[in-house]
Structure formats: structure tokens, C-alpha cells
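Worksheet: one structure, shown below.
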Amino acid sequence: MPQDLSEALKEATKEVHTQAENVEFMKNFQKGQVTREGFKLVMASLYHVYVALEEEIERNRENPVYAPLYFPEELHRRAALEQDMAFWFGPGWEEAIPYTPATQRYVRRLHEVGRLEPELLVAHAYTRYLGDLSGGQVLKKIAQKALGLPSSGEGLAFFTFPNVASATKFKQLYRSRMNSLEMSPEVQQRVIEEAKTAFLLNIQLFEELQELLTQDAKDQSPSQAPGLRQRTSSRVQDSASLETPRGKPQPSVLSRAPLLRWVLTLSFLVATVAVGLYAM
């Protein structure tokens, strides 16, 4: 295992990173095959994920296991995503945006980690924010072109980091801060395993979105696409009645996925992962 945490994470997540890049939803995205409805779905999921992540970061901002990585002005995405939600879903977007079951599982895990094992937040911040600063910029250009979005950036605030002058230099700073964290070998290994979990949660999320879009294409013509959000919302309401993202910590989310999915997966948020979102 490399001595530096940042190098250890990079090496240990290569396989799952590659698998994430081959999720159908993201492969289509990279080819420019993204619809407005599909983009709205993924952005809504990212909103929920970043709200949870940043709530837990704020909870632990003075905790020495995370504090060196606290860069709210440079990195935090919630405010930017709120702008994007207003653009894509209009007034009252808080009630309109979908909240899919895979997104809920991701959110639950973030809250569980932040409350019970805050040292593992490092893994989630690493996979999301460094990905946002890397491949996320490529996805921004693809979405802008494919969806005919204005060059001024409306609807894509998530991908813009006005307080980061140089992504390359900032990532170097971030990695050096990661490497300064005091961790026992046992804790470092747990962080590495959590980074793999973060990728898997992102893979689940994108697989679910692809399933929703594929089913919608079978059920209705493109002119009826808004119905997808209604069906998604109703499915989520059924699931949400069993658990909310602020509920009590649950058993490991990974045990809930079908075995076949995980065999295919050792295959995160755009942010961050997954795919281009995680080209670090």
C-alpha cells in the first residue's frame, strides 16, 4: 500500500473507477446522448447527495479527522445546485424534484458515516469533489452542447467553481491535506474501502436512472417525457414512507443490492461522482 493516503485511494479504486465509467447512463452521456429529462434526474440526485454530504461536513468541520479538508468556499455545491434546481424545475422545485431509492440509499450512508464514523467522510469528499474538478468539467461542455444550454452557464452552476483559480493546483493542495491526516493503517484501510463503497453507490444511482429512462421510453413517446418525473416521484414516495434520509443509521447499503449487480459492478456525483465525474 502506498504511504500517502491520496495515492493509496487512487490505486485501490482503479478497478471500480473503470467499471463506473462503463455504466450505460454515463457512457451515453459522454457520447452526448443525454436528454433534458435524464439530465434533470441526475442533477436532482446530485442535489440530495450534496445536501447530505455537506450537512455532515459542517457537523465535523472542527473534527481533526476531517478539518484539514474543510474548503466550503471553494468546494461546496449545495448553493450552486439550488440554482440549478430552480432553473430545471422552476418555482416550488423543492416539492417537484424526484428522490429515487438509490439516491436515498446514498444519502443514508452519508449521514451514517458523518454521525458514526466521520473519518470516512474523507473517502466521500475525495470521490465527489476531486471528480467534480476533473471529469465534471468535460461533462459540463457535453451537456451544454447536447441540451442547447446558454453559454452563460444557466442550469450548470454545479460544474462551476468560481473560487478555484486553478483546478490542478487546488487538487494538489487537497491531496497534500489528505496526506497530512493522522491515520492508523487500520483507519486508512477503512477509508479506502469506503471510497470503493462511494463508487458503488454512484454506480447504483446511475443504473437506476438508466432503468427509469429506458422504461419511460418504452411506455410513452418523447413528447410525453414529463410523465417520468411523476412516476419517479410516486415510486419514491412509496420508498420514502419506509425511510427518510434523516432516519436512524441502517445496516450496510451494499447488502441490499442484488448479487448479480455487484458481480457486474465492482463497477460517484457528474461533482462525482462515476465516469467523467471521477476522472482524477
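The values are calculated or read from the model by the stated rules, or taken from the named source; none is laboratory data. Fair warning: this is a prediction, and the values are worked out from it, not measured in the lab. Note: ideal-geometry Cβ built from the backbone for every residue, glycine included; neighbour counts use all protein chains shown.
Annotations
- Residue among Tyr66, Tyr70 that is buried (at least 20 other Cβ atoms within 10 Å of the Cβ) and either among the aromatic types (Phe, Trp, Tyr) or under 15 Å from the mean Cα position of the chain (by Cα) (or both): Tyr66
- All positions within segment 1-40 that are in contact with an Asp or Glu (Cβ under 9 Å, 6 or more places away or on another chain) and either modelled with pLDDT under 85 or of a type in the set (S, T, N, Q) (or both): Met1, Pro2, Gln30
- In segment 178-221, the residue that is farthest from Arg108 (Cα to Cα) out of those that are of a type in the set (Gly, Ala, Ser) and in contact with a His (Cβ under 9 Å, 6 or more places away or on another chain) is Ala195.
- Glu74 vs. criteria charged (D, E, K, R), at pLDDT 95 or above and over 23 Å from Thr13 (Cα atoms): yes
- Within segment 177-192, being surrounded by 13 or more Cβ atoms within 10 Å (Cβ to Cβ) and of a type in the set (D, E, K, R) holds for Arg177, Arg190.
- Every residue from segment 147-176 that is assigned to a helix (DSSP H, G or I), surrounded by fewer than 17 Cβ atoms within 10 Å (Cβ to Cβ) and more than 19 Å from the chain's Cα centre (by Cα): Thr168, Lys169, Gln172, Leu173, Ser176
- Looking only at residues in segment 13-41 that are of a type in the set (A, V, I, L, M) and more than 25 Å from Gln83 (Cα to Cα), the one that is surrounded by the most Cβ atoms within 10 Å (Cβ to Cβ) is Ala20.
- Tally of residues being in contact with a His (Cβ under 8 Å, 6 or more places away or on another chain) and either of a type in the set (A, V, I, L, M, F, W, C) or not in a helix (DSSP H, G or I) (or both) across segment 36-94: 3
- Test: residue in segment 5-28 that is in a loop (DSSP other than H, G, I, E, B), at positive phi and not aliphatic (A, V, I, L, M): no
- Of everything in segment 98-140 that is modelled with pLDDT of 95 or more, polar (S, T, N, Q) and outside any loop (DSSP other than H, G, I, E, B), the residue that is surrounded by the most Cβ atoms within 10 Å (Cβ to Cβ) is Thr103.
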